[in-house]
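The values are calculated or read from the model by the stated rules, or taken from the named source; none is laboratory data. Bear in mind the structure is a predicted one, so any value in this text is a computation, not a measurement. Cβ atoms come from the backbone with ideal geometry, glycine included; neighbour counts cover every protein chain shown. The protein model used for the area step is the full one, side chains on, heavy atoms only, and it has no ligands, DNA or RNA in it. Shrake-Rupley method; radii C 1.70, N 1.55, O 1.52, S 1.80 Å.
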Amino acid sequence: LKLSEGLNKTREQLTKRIDALLSAHRKFDDPFWEELEEVLIMADVGHQSAGKLLDRLKARVRKEKIEESEAFREMLRQELAAIFPEPKSVAVPQGPEIVLVVGVNGVGKTTTIAKLAHRAQMQGRKVLVAAGDTFRAAAIEQLGIWAKRTGADFFTKGEGADPAAVAYEAVDAALKGGHDVVFLDTAGRLHTKVDLMDELRKIKRVLGKKLPGAPHRCLLVLDATTGQNALSQTKLFNEAVTVDEIILTKLDGTSKGGIVVAIALEHNMPISFIGLGEKMEDLRPFSGEDFAKALVN
Ligand code: GDP
């Protein structure tokens, strides 16, 4: 699957309309900017981010005296790509790398962990997947099935166990088992937000005590189809555990792909992977440049 195909619905919303705008307007005047803003907002880029992006574009059009639509497209691609911060490089630790995975139920956290486990296995790393969402028996079972399918080891203490104890013992298991990386799943029940955030803080604390430097990375999984809700989830989880990277799932099923831009601009948060489908290979490393090229013809 090509990126541009995976982003088909967003392209319907964004790319086609930008094309239409560029052929309808002969000048980059106020009506043009107003329509462009509307197109961006419709694709869930968000008011604030659309405003910031437009300011940059206007300044460059003025400064560089851009008049042709080809030059405009090139500039738009550059400005879009420039929005995305690089994921911070994490030195691979001596012992197991501990990756804490957080996010609201239903966003695709379980499948994403399976996809990450698969990628790591393919790179020859020994993987342990740990079931830290002890709230839902079905979630544990699903994660176990996925883990086995990818060939990763699976750690669980069953339903109702203390998630912090799961975290602690999973690290122990990884140290003894010689695992290179641990993906720790966590609960995502949003109706008891406060408890959940306390629970995540505690997990983080316990991990750090057990293994200095852990968790080495904290990944937040977001569902692109939820549009602007993804922004408030970013804020919530980042306040609790300090998110290092975002994985945005289900971009294939939505015309709201502009949310990628909003997350990057409003939270200055790197996006490490995007989900373009349900299969193992549908998790793609994110590149701002490729994303911009896929969205601007
Ligand atoms: P969790 O509750 O967050 O663990 O969510 P699951 O991992 O169980 O995923 C919920 C649903 O979303 C499942 O049907 C997944 O197959 C689906 N899903 C996950 N990621 C993607 C994606 O990138 N694209 C599509 N189309 N579906 C996805």
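Here is a yes/no grid of residues against (1) open to solvent by less than 40 Å² (accessible area, probe 1.4 Å); (2) within 16 Å of the ligand (Cβ to nearest atom); (3) assigned to a helix (DSSP H, G or I):
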residue	(1), (2), (3)
Ile203	yes, no, yes
Pro215	yes, no, no
Thr225	no, yes, yes
Leu236	no, yes, yes
Ala240	yes, no, yes
Ile246	yes, yes, no
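Those strands (runs of 3 or more DSSP E) of the range 75-162 in which 1 or more residues are within 24 Å of Leu207 (Cα to Cα) and within 14 Å of the ligand (Cβ to nearest atom) occupy 97-102, 127-130.
Checking the structure you have, find out if any residue of the range 141-153 is within 23 Å of Leu196 (Cα to Cα), more than 16 Å from the chain's Cα centre (by Cα) and crowded, with 24+ Cβ neighbours inside 10 Å. Yes, some residue in the range 141-153 is within 23 Å of Leu196 (Cα to Cα), more than 16 Å from the chain's Cα centre (by Cα) and crowded, with 24+ Cβ neighbours inside 10 Å.
Residues of the range 253-297 that are within 16 Å of the ligand (Cβ to nearest atom), assigned to a helix (DSSP H, G or I) and either modelled with pLDDT of 95 or more or open to solvent by less than 20 Å² (accessible area, probe 1.4 Å) (or both): Ile259, Val260, Ile263, Asp282, Phe291, Ala294. Looking across the range 8-51, the residues that are among the aliphatic types (A, V, I, L, M) and either within 19 Å of Ala264 (Cα to Cα) or in contact with a strand residue (DSSP E or B) (Cβ under 9 Å, 6 or more places away or on another chain) (or both) come down to Leu14, Val39, Leu40, Ile41, Met42, Ala43, Val45, Ala50. Of the candidates Asp30, Asp19, Asp55, the single residue that is acidic (Asp, Glu), open to solvent by less than 70 Å² (accessible area, probe 1.4 Å) and away from the ligand (no atom under 16 Å from the Cβ) is Asp19. Residues that are modelled with pLDDT of 95 or more and either among the basic types (Lys, Arg) or open to solvent by 50 Å² or more (accessible area, probe 1.4 Å) (or both) within the range 33-51 comprise Glu34, Glu35, Glu37, Glu38, listed in sequence order.
Only one of the numbered conditions (1) closer than 30 Å to Asp185 by Cα; (2) touching a residue at least 40 places away in the same chain (Cβ under 8 Å) is violated by Leu22, and that is (1).
The numbered conditions (1) in contact (Cβ under 8 Å) with a residue 40 or more places away in the chain; (2) within 16 Å of the ligand (Cβ to nearest atom); (3) part of a helix (DSSP H, G or I) are all true for Ala230 except (1). Pairs meeting the criteria (first residue in the range 137-157 and without any contact (Cβ under 8 Å) to a residue 40 or more places away in the chain, second residue open to solvent by 50 Å² or more (accessible area, probe 1.4 Å) and in a helix (DSSP H, G or I), beta carbons under 6 Å, at least 6 apart or on different chains) are Gly151/Gln121. Of all residues in the range 247-271, exactly one satisfies the criterion of being more than 18 Å from His47 (Cα to Cα) and free of Cβ contacts under 8 Å to residues at least 60 places away in the same chain, namely Leu248. Summed over the range 168-191, the residues that are within 23 Å of the chain's Cα centre (by Cα) and either closer than 19 Å to Glu239 by Cβ or assigned to a loop (DSSP other than H, G, I, E, B) (or both) give a count of 7.
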